[in-house]
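The values are calculated or read from the model by the stated rules, or taken from the named source; none is laboratory data. A quick note: this is a predicted structure, and the numbers were derived from the prediction, not measured. Methodologically, a virtual Cβ is constructed for each residue, glycine included, from the backbone with ideal geometry; neighbour enumeration extends over all protein chains shown.
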Amino acid sequence: MSDKVLAQLYALEWLPVSSPLLSPPISDWLMEEDSMTKRFERHCGEVTVTLIREGFVTAETVATEAALLPESPRYWLREILLCGDGVPWLVGRTVVPESTLNGPEALLQSLGTRPLGRYLFASSSLTRDFIEPGRIDALWGRRSRLRLSGKPLLLTELFLPPSPLYGKGA
Ligand code: PHB
């Protein structure tokens, strides 16, 4: 399961925000500025995280993301499935340069099954450089460069077929 959806996430093709392929309801999901965890909670009883992997990797392992981040000897990599009532709705991949992991941001290394969004959106120092929509086959995704106290990280998300993004009106 996770190998296949991660391969799809890696293969996302990036589109401009103005792309005519983006219908208003899809755009509304992809450009969501608040926590996706919170948004999913409106569509199910419980949102949970299944951890795929978490740990330090070299730049080659995260080459696509590293191109959009400061150069670093190591990057923290987190890959998860975000589930609505136990069904995987989203696969998420977060890449954090080691230089971001000082001060309170060191906590990014001990999230485990706690959703990243709860941590990010609780922080008053969160800013966003961009959100870029993406597509692979019939699936939608996005990537965002976020900053905590000015220090960057890159989050890529792919919405899986059971996700409410593909629901009525989308
Ligand atoms: C995560 O916990 O890594 C996470 C949670 C929600 C998302 C993306 C990533 O939308």
*asked:* For region 109-142, give me each residue that is surrounded by fewer than 20 Cβ atoms within 10 Å (Cβ to Cβ), touching a helix residue (DSSP H, G or I) at 6+ places or on another chain (Cβ under 8 Å), in contact (Cβ under 8 Å) with a residue 60 or more places away in the chain and not hydrophobic (A, V, I, L, M, F, W, C).
replied: ARG118, ASP137
*Can you name the condition, by its number, that PRO152 falls short on among (1) touching a residue at least 24 places away in the same chain (Cβ under 8 Å); (2) out of contact with any Pro (no Cβ under 6 Å at 6 or more places or on another chain); (3) away from the ligand (no atom under 15 Å from the Cβ); (4) more than 27 Å from LEU15 (Cβ to Cβ)?*
(4)
_Criterion first (under 29 Å from LEU165 (Cα atoms), away from the ligand (no atom under 11 Å from the Cβ), free of Cβ contacts under 8 Å to residues at least 60 places away in the same chain and surrounded by fewer than 12 Cβ atoms within 10 Å (Cβ to Cβ)) does ALA106 satisfy it?_
no
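From SER72, SER99, which residue is among the polar types (S, T, N, Q), in contact with a helix residue (DSSP H, G or I) (Cβ under 6 Å, 6 or more places away or on another chain), surrounded by 16 or more Cβ atoms within 10 Å (Cβ to Cβ) and farther than 25 Å from LEU22 by Cβ? Lay out the reasoning, then the answer.
Values: SER99 fails: in contact with a helix residue (DSSP H, G or I) (Cβ under 6 Å, 6 or more places away or on another chain).
Matching residue, one of SER72, SER99: SER72.
Take the residues in region 119-170 that are in a strand (DSSP E or B) and of a type in the set (Asp, Glu), then tell me which one is nearest to LEU22 (Cα to Cα).
Residues of region 119-170 in a strand (DSSP E or B): 126-136, 139-148, 151-159.
Filter once more, so that each one left must be of a type in the set (Asp, Glu): 129, 132, 157.
Working: ASP129: 20, GLU132: 12, GLU157: 16 Å.
Looking at the filtered set, the residue picked out is GLU132.
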*Give region 138-169 a look and list any residue that's touching a strand residue (DSSP E or B) at 6+ places or on another chain (Cβ under 9 Å), over 30 Å from ARG74 (Cα atoms) and aliphatic (A, V, I, L, M), or say none.*
LEU139, LEU165
*Which residues, taken from region 51-69, are touching a helix residue (DSSP H, G or I) at 6+ places or on another chain (Cβ under 8 Å) and more than 18 Å from ALA106 (Cα to Cα)?*
ILE52, ALA59, THR64, ALA66
*Inspect region 58-68 for any residue being modelled with pLDDT of 95 or more and within 14 Å of the ligand (Cβ to nearest atom) and give the result as yes or no.*
yes
